[in-house]
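A.B. asks: This is the structure I want to talk about, given as structure tokens.
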Amino acid sequence: MENTIQNHVPSQAIPRVLKLLEHDDLVVLVKKERKTRHGDYRKLPNGKHQITINENLNSYRFLITLIHEIAHFETYKTYGKHIKPHGLEWKRTFQHLMLPFINPEIFPMDLLPLLARHFKNPKASSDTDTQLALSLRQFDEPKNKTFIFELPLGETFIFRNNKIFKKGKKRTKRYECTELKTGKVYLFNPNAEVEPIR
């Protein structure tokens, strides 16, 4: 596990990350990309705890996701299972664990103000923070995808399940997009990654 984690987080973060993972009952697995999540945490039937993280994440997103999931583990240990998954206890734990990493030895300078703002009130996913998600994306491997908010109104695109959609108007936070085959309208997060049809 140690070697795998070291290949995925910024080198300056490795000692602190390894210290956080010094638990006999905690297992961290690096998995192939899952479309619906960057990582997850769960308590296993045998009493151990498991964190999984997608292998395709850039080192900064990997680190944020790993600390997010460690915060779930620490929150469970401290408060038990009868709290909201991303409630106040988790937010405070996530902030406490993440704070030592938010420095220029680990993250690029242009990410620091965005991280500081995000961690004033961390959300269930860093993807819901449009500015942070866009800034983190610059460190990804190149791919032929774009965020929905970058597409012009009326543009058609392919989403992960290979269905074709047309971008519609924005509601309060999400975009109404119509699946062309069925005419059904779906709501898309502005940061959803899609493949434009040009």
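A.B. asks: Go through the range 1-36 and count every residue that is under 22 Å from P85 (Cα atoms) and either small (G, A, S) or in contact (Cβ under 8 Å) with a residue 60 or more places away in the chain (or both).
C.D. replies: So the answer is 2.
A.B. asks: Take the range 30-55 and flag every residue that is of a type in the set (D, E, K, R) and assigned to a loop (DSSP other than H, G, I, E, B).
C.D. replies: Those that are of a type in the set (D, E, K, R) and assigned to a loop (DSSP other than H, G, I, E, B): K32, E33, K35, K48, E55.
A.B. asks: Then there's this: For the list (1) part of a loop (DSSP other than H, G, I, E, B); (2) outside the structural domain of D40 (by TED's automatic domain parsing); (3) in contact with a Phe, Trp or Tyr (Cβ under 8 Å, 6 or more places away or on another chain); (4) not charged (D, E, K, R), I need the number of the one condition that T178 fails.
C.D. replies: Failed condition: (1).
A.B. asks: Among (1) under 21 Å from T36 (Cα atoms); (2) buried (at least 18 other Cβ atoms within 10 Å of the Cβ); (3) touching a residue at least 40 places away in the same chain (Cβ under 8 Å), which single condition is F149 missing?
C.D. replies: Among (1) under 21 Å from T36 (Cα atoms); (2) buried (at least 18 other Cβ atoms within 10 Å of the Cβ); (3) touching a residue at least 40 places away in the same chain (Cβ under 8 Å), the lone unmet condition for F149 is (2).
A.B. asks: Right, next: Within the range 20-29, count every residue that is part of a loop (DSSP other than H, G, I, E, B) and surrounded by 13 or more Cβ atoms within 10 Å (Cβ to Cβ).
C.D. replies: Final tally of qualifying residues: 3.
A.B. asks: Taking the range 56-93 as the region of interest, how many residues are outside any helix (DSSP H, G or I) and either over 19 Å from Q12 (Cα atoms) or aromatic (F, W, Y) (or both)?
C.D. replies: So the answer is 9.
The values are calculated or read from the model by the stated rules, or taken from the named source; none is laboratory data. All figures in this text were calculated on a predicted structure; none of them were measured in a lab. A quick note on method: Cβ atoms are made from the backbone with ideal geometry, for glycine too, and the neighbour counts reach across all protein chains shown.
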